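Visitor: Could you have a look at this structure, given as structure tokens, before my questions?
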Amino acid sequence: MTKQLEQKIAQLDKNRIPVHVAMIMDGNGRWAKSKGFVRSDGHAEGVSTVHRVTKLSSDLGIKYLTLYAFSTENWNRPQDEVDTLMYLIGWAIERELPELLANNVKINLLGEIERIPEEPRQKLFYARNATAHCTGLQLNMCLSYSSRWEITDVVKKLATLAAQGKINPEEITEDTVADQLTTAGIPDPDLLIRTGGEFRISNYLLWQIAYSELYFTPALWPDFSDEDYLDALIDFQNRERRFGMTSDQVHANN
């Protein structure tokens with residue numbers, strides 16, 4: 001561990017570590033292009049960043065880490081890039097499994113997983129089952145996921161239940177909706193980090209991030225370092241989260 005990293009960790013208030021951090025991992029393709037590589041090289045390098053981010057999250061005591069690994073819209077990319085991404089997903093989860101188990105990390109899968117090709121899909125299912133007993137960090141992998149898909153699916157489920165007379169539409173609450181989301185039982189993200197210098201959410205966890213703190217960094221995902229991650233956490237801890245209340249109310253409740 002570098003001295004700079006130690007100094008940044010020392011700045012963290014261990015009592016105010018976010019429970020749930022979500023990330024949009026952007027910039028793999030631009031990183032590769034900037035170095036004269038093909039886009040798949042950027043995605044491969046990005047796997048190393050996933051490894052580091054997961055380990056640091058676990059070491060810091062973060063309970064949930066949710067990564068936007070492959071969106072519904074990503075199926076529209078060139079087929080060779082999609083094929084490479086699918087291969088990398090299967091290869092990476094298989095390679096990382098021993099260390100995930102050693103670090104007590106639990107794998108959770110969010111999205112239309114049935115659309116993932118069979119070979120990487122089976123590797124994902126194997127990792128999820130193999131880590132089901134783990135009680136440390138829960139790593140949520142969003143694969144073939146988009147928020148509009150998720151919310152549309154919830155509407156269909158609730159409409160079906162209402163048509164069957166199992167629920168009264170007038171009694172549907174925010175909790176009713178949340179219980180049907182792919183993230184049911186998982187607290188909403190405290191912090192959403194997007195790398196790559198873009199300032200948009202890209203159809204990601206739109207319901208869940210209603211009161212999340214947002215952090216955007218110009219660092220491309222393969223370059224996103226432990227120090228960059230700690231900068232985001234330090235920035236988060238310097239914010240006042242009011243959830244619609246005034247500062248005086250927040251201070252009185254504390």
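The values are calculated or read from the model by the stated rules, or taken from the named source; none is laboratory data. As the structure is a prediction and not an experimental result, all values here were calculated from the model. So basically every Cβ, Gly included, is an ideal-geometry build from the backbone, and we count neighbours across all protein chains shown. Side chains included, ligands, DNA and RNA excluded: accessible areas come from the protein's heavy atoms. Shrake-Rupley method; radii C 1.70, N 1.55, O 1.52, S 1.80 Å.
Visitor: I want to verify a result. In a Gaussian network model of the chain, Cα cutoff 10 Å, which of these has the top mean-square fluctuation: Phe216, Phe37, Phe243?
Guide: Phe243
Visitor: Sticking with this one: Kindly provide the helix-only [θ] at 222 nm of the chain, computed as the sum of -39,500 (n - 2.57) over DSSP H runs of four or more divided by all residues, to the nearest 500 deg cm²/dmol? Intermediate results must be reported in sequence, preceding the final value.
Guide: Numbers: 9 runs with 116 residues, N = 254.
It lands at -14500 deg cm²/dmol.
Visitor: Are there any helices in the chain, counted as whole DSSP H runs, that stretch 27 Å or more along their axis by Cα and score at least 0.0 on average by Kyte-Doolittle, and if so which?
Guide: 79-102
Visitor: Could you give the spread of the C-alpha atoms of the chain along their three principal axes, from largest to smallest, in whole angstroms?
Guide: 57, 51, 36
Visitor: Here's something else I'd like to know. Which one, Trp221, Leu192, Ile234, projects farthest toward the positive side of the charge dipole computed for the chain from Cβ point charges (K/R +1, D/E -1)?
Guide: My answer, from the dipole projection, is Trp221.
Visitor: Let me know the charge dipole size of segment 105-254 about its Cα centre in debye, to the nearest 20, where only the beta-carbon of Lys, Arg (+1) and Asp, Glu (-1) is charged.
Guide: Rounded to the nearest 20 debye, it is 500 debye.
Visitor: A follow-up question, please. Given N residues in segment 164-254, what is Rg(Cα) / (2.2 N^0.38 Å)? Present the calculation step by step, with values, prior to reporting the outcome.
Guide: Values: Rg = 17.2 Å, N = 91, 2.2 N^0.38 = 12.2 Å.
So the Cα radius of gyration is 1.41 times the expected 2.2 N^0.38 Å.
Visitor: Also, I was wondering about something else. Ignoring any ligand, DNA or RNA, what whole percent of the accessible area of the chain comes from carbon and sulfur when the probe is 1.4 angstrom?
Guide: 49 percent
Visitor: Might you report the magnitude of the Cβ-based charge dipole of the chain about its Cα centre, with Lys and Arg at +1 and Asp and Glu at -1, to the nearest 20 debye?
Guide: 180 debye
Visitor: Please work out the average accessible area per residue across the chain, using the 1.4 Å probe convention, and give it in Å².
Guide: 52 Å²
Visitor: Sticking with this one: Just to be sure I follow the rule: in the chain, considering lysines 8 or more places apart or on different chains, how many pairs have Cα atoms under 19 Å apart?
Guide: 11
Visitor: Can you tell me the relative contact order of the chain? Whole percent, Cα pairs under 8 Å, sequence separation 6 or more. Each step should come with its number before you reach the end.
Guide: Numbers: 367 pairs, mean separation 70.6, N = 254.
After rounding, I find 28 percent.
Visitor: Run through segment 188-254 and list the trypsin sites (Lys or Arg not before Pro) located in a DSSP loop whose Cβ has at most 14 other Cβ atoms within 10 Å.
Guide: Numbers: sites: Arg194, Arg200, Arg239, Arg241, Arg242; in loops: Arg200, Arg239, Arg241, Arg242.
Answer by residue number: Arg200, Arg239, Arg241, Arg242.
Visitor: Rounded to the nearest 5, what is the percent of antiparallel bridges among the DSSP beta bridges in the chain? Could the numbers behind the result be given before it?
Guide: On the way: 0 of 25 bridges.
Taking every DSSP beta bridge with both residues in the chain, the antiparallel ones total about 0 percent.
Visitor: Let me ask you something else. Apply the a/c threshold of 1.5 to the C-alpha gyration tensor of segment 110-149 and tell me whether it is rounded, prolate or oblate.
Guide: Cα axes put segment 110-149 in the oblate bin.
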